[in-house]
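Enquirer: Before anything else, here's the structure in question.
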């Protein structure tokens with residue numbers, strides 16, 4: 001049965017709802033890529049955002065199903081590259097809020113720190129089902145977890161692209177809590193990291209974590 005799942009940053013200033021959540025439309029994944037690790041270090045919350053393997057847990061949604069009710073003025077965003085995805089967070093407590101690839105794309109990824117559980121105290125497992133995939137294990141911390149994919153496998157990628165394309169064609173990227181309806185521009189201030197700043201954050205995280213990515217692995221995944 002679809003559920004309306006509460007959303008909240010750590011301090012409670014930014015709140016909202018993800019509407020109509022089911023196991024099928026909000027599948028869970030863990031991304032272990034460099035970019036997600038750098039982002040966690042940028043927010044200063046790597047220890048809370050990343051699991052034992054350096055992965056960030058996300059769940060799928062469409063932009064139209066994410067509603068924010070309080071704290072919109074506290075939202076900020078960063079792009080790790082000039083054309084990177086929009087990574088939205090709450091500046092009050094540096095809680096990651098959403099990964100938004102494009103104003104024209106329905107897909108949005110909601111980090112587990114913003115969707116911690118369901119209504120009535122339901123656990124994430126009860127609301128979202130089991131974690132489905134672990135991607136980008138070439139960047140993982142320590143031993144590679146069982147069943148993880150070194151990169152992003154073709155099968156799940158094609159399936160996700162078809163789903164996202166259909167949702168976008170159906171107009172499920174609107175209304176958006178993150179982009180202006182007329183211009184498509186982000187509704188919050190956006191910082192774009194320089195390559196020097198990206199490298200500095202990556203080195204800082206690597207200094208406190210055992211990262212197993214071999215030399216020559218390309219930077220990031222977005």
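Enquirer: Looking for something closer than 25 Å to residue 189 by Cβ and touching a residue at least 40 places away in the same chain (Cβ under 8 Å) - is there at least one such residue anywhere in the range 115-127?
Expert: Taking the range 115-127 first, the residues closer than 25 Å to residue 189 by Cβ are 115.
Narrowing the set further to residues that are touching a residue at least 40 places away in the same chain (Cβ under 8 Å) leaves 115.
Looking through the range 115-127, at least one residue is closer than 25 Å to residue 189 by Cβ and touching a residue at least 40 places away in the same chain (Cβ under 8 Å).
Enquirer: Next up: Of all residues in the range 161-181, count the ones that are in a loop (DSSP other than H, G, I, E, B), over 13 Å from residue 104 (Cβ atoms) and free of Cβ contacts under 8 Å to residues at least 60 places away in the same chain. Talk me through it step by step, then tell me what you get.
Expert: Residues of the range 161-181 that are in a loop (DSSP other than H, G, I, E, B), as a first pass: 170-178, 180-181.
Remaining after also requiring over 13 Å from residue 104 (Cβ atoms): 175, 177.
Then drop every residue that is not free of Cβ contacts under 8 Å to residues at least 60 places away in the same chain, which leaves none.
Here the count works out to 0.
Enquirer: Oh, and also: Could you please find all residues in the range 17-30 being modelled with pLDDT of 95 or more and crowded, with 22+ Cβ neighbours inside 10 Å?
Expert: Listed by number, the list holds a single entry, 18.
Enquirer: Between 67, 57, 48, which is more than 23 Å from residue 203 (Cα to Cα) and either surrounded by fewer than 22 Cβ atoms within 10 Å (Cβ to Cβ) or within 14 Å of the chain's Cα centre (by Cα) (or both)?
Expert: Values: 57 fails: more than 23 Å from residue 203 (Cα to Cα); 48 fails: more than 23 Å from residue 203 (Cα to Cα).
It is 67.
Enquirer: Starting from residues that are closer than 13 Å to residue 34 by Cα and surrounded by 17 or more Cβ atoms within 10 Å (Cβ to Cβ), keep the ones in the range 191-205 and report whichever is modelled with the lowest pLDDT.
Expert: Out of the qualifying residues, it is 205.
Enquirer: Further, regarding this structure: Are any residues in the range 145-160 surrounded by 11 or more Cβ atoms within 10 Å (Cβ to Cβ) and part of a loop (DSSP other than H, G, I, E, B), and if so, which ones?
Expert: Within the range 145-160, 145, 148, 149, 150, 151, 152, 153 qualify.
Enquirer: For residue 48, which of the numbered conditions (1) outside any strand (DSSP E or B); (2) within 29 Å of residue 162 (Cβ to Cβ) fails to hold?
Expert: Exception for residue 48: condition (2).
Enquirer: Residue 82 fails exactly one of the following numbered conditions: (1) more than 22 Å from residue 135 (Cβ to Cβ); (2) modelled with pLDDT of 95 or more; (3) in contact with a strand residue (DSSP E or B) (Cβ under 9 Å, 6 or more places away or on another chain). What is the number of that condition?
Expert: Residue 82 satisfies every listed condition except (2).
Enquirer: Which ones in the range 1-16 are part of a loop (DSSP other than H, G, I, E, B) and modelled with pLDDT of 90 or more? Explain how you work it out, then say what you get.
Expert: Taking the range 1-16 as the starting set, the residues that turn out to be part of a loop (DSSP other than H, G, I, E, B) are 1-2, 9-14.
Once the filter is applied, which keeps residues that are part of a loop (DSSP other than H, G, I, E, B) and modelled with pLDDT of 90 or more, the range 1-16 yields 9, 10, 11, 12, 13, 14.
Enquirer: Among the residues of the range 107-144, count how many are farther than 20 Å from residue 35 by Cα, surrounded by 21 or more Cβ atoms within 10 Å (Cβ to Cβ) and within 14 Å of the chain's Cα centre (by Cα).
Expert: Selection size over the range 107-144: 1.
The values are calculated or read from the model by the stated rules, or taken from the named source; none is laboratory data. This structure is a prediction, so every number in the text was calculated from the model and none was measured. Quick reminder, even Gly has a Cβ in these numbers, built from the backbone with ideal geometry, and neighbours come from all protein chains shown.
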